[in-house]
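Take a look at the structure below.
The values are calculated or read from the model by the stated rules, or taken from the named source; none is laboratory data. Just so it is clear, the model here is predicted, and its values are computed rather than measured. Cβ placement follows ideal geometry from the backbone for every residue including glycine, while neighbour counts extend to all protein chains displayed. Areas reflect the complete protein model, heavy atoms only, side chains present, ligands, DNA and RNA absent. Shrake-Rupley method; radii C 1.70, N 1.55, O 1.52, S 1.80 Å.
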Amino acid sequence: MESNILLKKNLNIWMALSLVVGMVIGSGVFFKATPVAKYSGSFAFIFFAWLLGGVMSLCGALVAAEFSARYPHTGGLYVYLEKIYGNKISFLFGWMNTLIYTPAILSALSVLFADQVSSMLNVNQLVHDILAISILTTIVIINVIGNKYGGAFQLLATVLKLIPLFLIIFFGLIRPIEAENFISYGHFTENFGLAVLSTLWAYDGWLSVPNVAGEMKNAKKNLVLVLIFGMLFVMVVYLLVNIAYINVIGIGKLAAAENAINIISEKLFGRTGKVLISLGIIISIVGTLNGFALTGIRIPYAMATNQRFIANNVFSKLHPRFATPVNSSILVFILSLLYIFTRSFNRLTDLAMFSTWIFYVLFFIGIFIKRKREGKNKEGYNTFLYPITPLVAIFSGLYILVNNIFSNPTDSIFSVLITLLGLPVYFLFVKKKIKK
């Protein structure tokens, strides 16, 4: 039984644009520069890794823009996969997203938030865990109160998080160019794949934005615009900030430092400036956390609303006053809370990335299936440079998956097994409820 309360269309184009920029620009631009430099070895390959990761993500966003124009509904990729492959594949994606991707991302960002605050205040592990739980709880409550407030908070956080980045770019690039800082750190190796994988974490988040399409004003037009221009903006920022990093401390120090951003900010702005930049990073993390909460909790809600989940009557329920997916929010909150106690930012993010890229590749392939069935989208945007764009996205995704299987087989197998556990759940509890 579906709820008769409708989701409110409170998200305007600026809030949606802030979702793209705010969800993508998060912890990655600050904490993934080191592994990218380490695995690339030279300025040319560092630049190429960030450029390639951006092009791969942009190609995916261009494909997503066509689907968002065709189906501007809450649920995003879950809805698209159902339209392409049917109920089974879309359920497995929703299952994976609910059990692995969204809670892993929320918990990882909550842990990272606590890490940053703890390093500033020098607190013990108990306080660290309390900080992680507190920020997660606060963000979920904000989004339960209403998407209007979650969207407004996202817009504010996005503006604030860009300030330290722009300061680093400006002051890092106006410094005299020191040629020795651009001397190669090492040699190009097969580990370049890990460099690209690191950039993809920094670029991740764009495909979560269509999850809230049903709550956007003029979604068919606005969602296409924010996906394309949002990703182009992010690419430019990432390329410029990494050039600034290298110009300040050099490739060698960037590749070897445990916390390069602290070294860079202190060298540019002194100790006081370092504290201010740290505050900017914390704001950036919170903004990204809010974006993933705002979008991620819509997946189990969308599934339950369409009778594609367990306990559909429970998880399709909207809050009677705020018209937000309250029970879906509680479910994701509880899972995220459990994940927090792993206290592992990198492992959680790696697990989330591999899990979701399996379905990204299926989604990119789906544009060819959809075009064969229905032709071009006659009512709106069609993928730019089709079929080149989706082919780039497909081969990029396959590259990421194969590379990750060889570099991290244990977590890759775990991810696949958890996803496949959704099959017996589907056949036992979901398939029989689907209307023929």
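Give Val402, Val361, Val332 a once-over and let me know the one that is touching a Gly at 6+ places or on another chain (Cβ under 9 Å), open to solvent by 60 Å² or more (accessible area, probe 1.4 Å) and not aromatic (Phe, Trp, Tyr).
Details: Val361 fails: open to solvent by 60 Å² or more (accessible area, probe 1.4 Å); Val332 fails: open to solvent by 60 Å² or more (accessible area, probe 1.4 Å).
Matching residue, one of Val402, Val361, Val332: Val402.
Given the options Ser336, Ser316, Ser284, Ser278, name the one that is of a type in the set (Ser, Thr, Tyr), farther than 16 Å from Val140 by Cα and within 17 Å of the chain's Cα centre (by Cα). Ser284 is the lone residue from the list that is of a type in the set (Ser, Thr, Tyr), farther than 16 Å from Val140 by Cα and within 17 Å of the chain's Cα centre (by Cα). Residues in the range 232-253: is at least one open to solvent by 30 Å² or more (accessible area, probe 1.4 Å), touching a helix residue (DSSP H, G or I) at 6+ places or on another chain (Cβ under 7 Å) and of a type in the set (S, T, N, Q)? No, that holds for no residue. The single condition among (1) closer than 19 Å to Tyr80 by Cβ; (2) open to solvent by 40 Å² or more (accessible area, probe 1.4 Å); (3) in contact (Cβ under 8 Å) with a residue 40 or more places away in the chain; (4) of a type outside the set (A, V, I, L, M, F, W, C) that Ser407 does not satisfy is (1). The set of residues in the range 118-139 being of a type in the set (A, V, I, L, M, F, W, C) and part of a helix (DSSP H, G or I) consists of Met120, Leu121, Leu126, Val127, Ile130, Leu131, Ala132, Ile133, Ile135, Leu136, Ile139. Exactly one residue among Lys267, Lys317 is at pLDDT 80 or above, over 16 Å from Ile105 (Cβ atoms) and touching a Phe, Trp or Tyr at 6+ places or on another chain (Cβ under 9 Å), and that residue is Lys317. Looking only at residues in the range 254-274 that are among the charged types (D, E, K, R) and over 13 Å from Gly172 (Cα atoms), which one is least open to solvent (accessible area, probe 1.4 Å)? In this case the residue turns out to be Lys274.
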